[in-house]
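One structure is given below, encoded as structure tokens.
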Amino acid sequence: YATGISVAYYFLEQIEKDSSKVEPYLEFLSSGSKDYPQNILKKCGVDLLNGGVIESAIGKFEKLVLELTEMSEIKNN
């Protein structure tokens, strides 16, 4: 599950930066089980061996934790 979530956040981050990145994401979704997932992702520009995928997920998680902390502080004041 962690890999899937990390890849999803990576795709989201890429699409938010450049809307042309939607096409590789759609290509990934439509590929089904034609190949191993890692190979399909690589063809779509996502290299799981590159730290960028994990860094993207960690960055998203960090933002969510900060939002939760801010919401908690507002509620406690």
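The values are calculated or read from the model by the stated rules, or taken from the named source; none is laboratory data. Predicted model, so just to flag it, every value in this text is computed and none were measured. Using ideal geometry, Cβ is built from the backbone for each residue, glycine included, and neighbour counts are taken over all protein chains shown. Note: areas computed on protein heavy atoms with side chains; ligands, DNA, RNA excluded. Shrake-Rupley method; radii C 1.70, N 1.55, O 1.52, S 1.80 Å.
Meeting the requirement of 1 or more residues that are in contact with a Leu (Cβ under 7 Å, 6 or more places away or on another chain), the helices (runs of 4 or more DSSP H) wholly within the chain are 2-17, 22-30, 37-43.
Taking the stretch 21-62 as the range and being modelled with pLDDT of 90 or more, loosely packed, with under 10 Cβ neighbours inside 10 Å and farther than 17 Å from Y1 by Cα as the test, only S30 passes. Flag: Y1 matches the condition of being without any contact (Cβ under 8 Å) to a residue 60 or more places away in the chain, loosely packed, with under 11 Cβ neighbours inside 10 Å and aromatic (F, W, Y). Considering only residues that are farther than 16 Å from L12 by Cα, open to solvent by 100 Å² or more (accessible area, probe 1.4 Å) and of a type outside the set (D, E), look in the stretch 63-77 and name the one that is modelled with the highest pLDDT. Among residues in the stretch 63-77 that are farther than 16 Å from L12 by Cα, open to solvent by 100 Å² or more (accessible area, probe 1.4 Å) and of a type outside the set (D, E), the one modelled with the highest pLDDT is L68. Of all residues in the stretch 1-40, those satisfying the criterion of being within 12 Å of the chain's Cα centre (by Cα) and of a type in the set (A, V, I, L, M, F, W, C) are A2, I5, V7, A8, F11, L12, I15.
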